[in-house]
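Everything below concerns the one structure shown next.
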Amino acid sequence: MFAWSMATVCLGGTLEAKLAALSKAGFRAVELFENDLTFFNGPPSAVRQMADDLGLTIVALQPMRDFEGMPEPARQRNFERAERKFDLMQELGVNLLCLCSNVSPDALGDPERSAHDLAELADRASKRGLRIGYEALAWGLHVKDWMQAWDLVKRADRSNLGIVLDSFHACVRHNPIAPMAELPGDKIALVQVADAPGLLMDPLALSRHHRCFPGQGDFPVDDFIKACLATGYRGPVSLEIFNDQFRGALPGQIALDGMRSLEACAERLQIQGQTPDIDRLPGAHLPQPGTVAKVEFVEFATSGSVGDQLENMLRGLGFQTVAQHRSKEVTLMRQNNVNIVVNRERDGFAHSFYLVHGTSVCAIALATSHVEQTLDRANALGATTYYGRIGAGEATIPAVRGVEGSMIYLVPEQSSDASFWEQDFVFEGNQKPKGAITGIDHLSNTVRRSEFFTWLTFYKTILGFEDVPQVEVADPYGAFYSRCVRTANHKVQIPLNVSDGGATVLARFMDATAGSGVQQIAFETNDIFTYVEAARAKGVPFLPIPDNYYADLAARFDIEPALLERMRTLGILYDQNAGGVFFHIYTESFEDRFFFEVLERRGYDQFGAANTPVRLVAQARAQDSRKQI
Ligand code: MG
């Protein structure tokens with residue numbers, strides 16, 4: 001059976017919840033981790049029935065450990081232990097037992113003896129019509145690499161004994177992947193996939209805590225699946241992920257993330273071509289997402305005097321009110337092509353969002369070349385999509401559910417006229433006021449650690465974004481991690497930010513807004529110095545930067561003293577790389593919530609991560625002084 005599968009160990013919750021989540025996410029196959037059965041309150045036959053009812057086939061029971069090459073009397077006890085597992089498998093209706101290479105310090109390590117044990121185990125299994133899959137654990141005492149496991153399987157030479165290929169173990173040991181394609185497909189018992197970040201750490205610790213779904217890490221999982229399928233193997237391809245964050249999240253979401261990551265994998269392999277039968281796997285023919293041209297608008301939900309303060313701050317940043325909504329208490333503020341919508345409605349989505357989160361970004365809109373196709377893709381990948389409430393004559397703006405239930409509207413790329421703006425808004429005066437802000441460079445999503453991978457996979461699979469390597473810096477009260485997702489044309493960039501620590505700037509944002517969301521909006525300009533002088537004159541509160549920062553800059557870089565002094569006076573930060581130089585500045589946080597950044601790139605294509613700790617300390621200091629922590 002050729003199918004996507006997931007091991008129950010990937011998910012948190014009870015076995016009942018796990019199986020239901022897998023079925024709902026579209027899985028038709030599951031590997032049963034024995035602990036899930038041990039902790040289940042019922043007989044194995046009830047698990048079998050439950051899986052049947054949910055349309056799931058249990059493709060393997062795992063794991064059997066520390067078996068081959070043991071001295072007596074442990075050897076004999078192991079065979080007895082195996083017979084009990086076989087009993088269980090027959091009750092469950094499971095055909096395959098996954099056996100991991102031995103990690104016991106007592107293991108003898110004689111290949112002939114180990115192969116002999118595997119052969120005898122297979123013979124015993126054969127009497128009951130069962131199969132054995134043997135897998136090299138990267139930290140096995142004697143068998144660590146798939147080539148060693150294959151050597152034992154060949155030596156044992158039993159028709160019901162095959163190898164389990166696991167991308168994690170192969171990649172973490174830097175095993176060659178391409179030669180897997182030469183294995184006989186009928187000798188592969190199971191294919192397991194997991195990705196992982198390219199961290200230099202002990203493989204066991206990496207495996208137990210940091211495995212992740214394909215596309216979330218740095219391993220060549222696509223090449224691995226390609227090699228496995230090239231053998232003629234047409235059995236299940238199963239996610240086997242040990243990750244504390246996954247187990248701490250809702251199983252329904254993680255199951256969905258897993259399915260999205262596999263389907264995106266199938267799509268990539270299908271596009272590359274030459275992967276046999278990949279067409280038969282779900283995801284190989286997903287609708288292509290449209291090309292995202294820009295962030296068309298950012299929408300704030302607010303009300304009352306706080307809404308007035310927000311509009312004041314935006315005016316200070318150079319935005320002007322250009323239009324009112326035809327039927328709603330919604331204002332459009334604009335500067336060149338940059339649109340900010342301020343929504344003060346008293347019912348509907350934005351108001352609900354405001355009641356829960358206070359003044360915050362409730363929606364962004366992406367200008368997209370093919371809106372319907374992007375929506376079709378989102379639906380195919382199990383995203384929640386909406387068609388907003390509309391009044392007479394108003395444009396329909398479809399949306400996909402984003403972070404914390406915010407909306408990601410999808411709007412067509414604007415032609416010069418007949419756009420949805422004219423349908424929904426009444427303009428007065430200059431429709432496109434000039435200003436120094438020329439675009440939205442990036443906007444951050446601050447998210448809980450437990451949902452970080454979910455949103456990474458969301459943006460990558462549903463909207464077709466790519467990601468850039470993670471940045472890690474210090475927060476004065478903990479640690480800060482950022483991984484940016486962006487469109488291939490870099491027109492939309494969304495750093496996904498997480499932190500460790502209860503009083504970090506990010507944690508305080510999430511406390512203030514009761515959840516995840518847009519914490520930072522970065523505008524680009526072509527002349528930051530003139531811009532900041534004007535904005536300061538209008539009373540925009542910028543984040544105070546210590547003089548020590550500028551002394552350090554002078555030590556690190558060769559900056560003309562007059563320029564350095566001007567930066568110091570205005571509070572502008574600086575970075576440079578091989579591509580060019582970078583100037584940027586942050587506003588103070590609005591109500592200890594979100595903040596704005598203004599930046600000028602001169603050939604520099606990063607985000608000034610070297611200055612992030614300066615910003616975090618300055619923000620923490622400002623908040624501490626107000627709250628007298
Ligand atoms: Mg495995």
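The values are calculated or read from the model by the stated rules, or taken from the named source; none is laboratory data. Owing to the predicted nature of the structure, the values given are computational and were not obtained by experimental measurement. Ideal geometry is used to build each Cβ from the backbone, glycine not excepted, and the neighbour counts take in all protein chains shown. What goes into the accessible areas is simple: the full protein's heavy atoms, side chains included, and nothing from ligands, DNA or RNA. Shrake-Rupley method; radii C 1.70, N 1.55, O 1.52, S 1.80 Å.
Here is how the numbers come out for the structure above:
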{"item": "Per-region count, region 84-110, residues in a helix (DSSP H, G or I), open to solvent by 10 Å² or more (accessible area, probe 1.4 Å) and under 27 Å from Ala194 (Cβ atoms)", "result": "2"}
{"item": "Output for region 303-333, where each listed residue is basic (Lys, Arg) and closer than 23 Å to Gln423 by Cα", "result": "Arg326, Lys328"}
{"item": "Residue identified as open to solvent by 20 Å² or more (accessible area, probe 1.4 Å) and out of contact with any helix residue (DSSP H, G or I) (no Cβ under 7 Å at 6 or more places or on another chain) among Asn611, Asn577", "result": "Asn577"}
{"item": "Within region 231-252, considering residues that are at pLDDT 95 or above and in a helix (DSSP H, G or I), the one surrounded by the fewest Cβ atoms within 10 Å (Cβ to Cβ)", "result": "Gly252"}
{"item": "Scan of region 492-517 for residues that are closer than 18 Å to Phe453 by Cα, surrounded by 23 or more Cβ atoms within 10 Å (Cβ to Cβ) and among the hydrophobic types (A, V, I, L, M, F, W, C), ordered by number", "result": "Ile494, Leu496, Val498, Leu506"}
{"item": "Scan of region 362-374 for residues that are of a type outside the set (Val, Ile, Thr) and closer than 20 Å to Thr454 by Cβ, ordered by number", "result": "Cys362, Ala363, Leu366"}
{"item": "Criterion (modelled with pLDDT of 95 or more and touching a Ser or Thr at 6+ places or on another chain (Cβ under 8 Å)) met by exactly one of Leu543, Leu570", "result": "Leu543"}
{"item": "Test: Gln288 is out of contact with any Gly (no Cβ under 7 Å at 6 or more places or on another chain) and open to solvent by 60 Å² or more (accessible area, probe 1.4 Å)", "result": "yes"}
{"item": "Members of region 297-308 that are farther than 13 Å from Met407 by Cα and outside any helix (DSSP H, G or I)", "result": "Thr302, Ser303"}
{"item": "Residue identified as open to solvent by 30 Å² or more (accessible area, probe 1.4 Å), more than 17 Å from Cys212 (Cβ to Cβ) and either within 16 Å of the ligand (Cβ to nearest atom) or not assigned by TED's automatic domain parsing to the domain that holds Arg131 (or both) among Lys144, Lys187, Lys154", "result": "Lys144"}
{"item": "Check on Val30, within 16 Å of the ligand (Cβ to nearest atom), β-branched (Val, Ile, Thr) and touching a strand residue (DSSP E or B) at 6+ places or on another chain (Cβ under 7 Å)", "result": "yes"}
{"item": "Every residue from region 169-184 that is within 16 Å of the ligand (Cβ to nearest atom) and assigned to a helix (DSSP H, G or I)", "result": "His169, Ala170, Cys171, Val172, Met180"}
{"item": "Residue within region 60-72 that is closer than 30 Å to Arg260 by Cβ and open to solvent by 10 Å² or more (accessible area, probe 1.4 Å) present", "result": "yes"}
{"item": "Count of residues meeting criterion [basic (Lys, Arg) and open to solvent by 50 Å² or more (accessible area, probe 1.4 Å)] in region 461-487", "result": "0"}
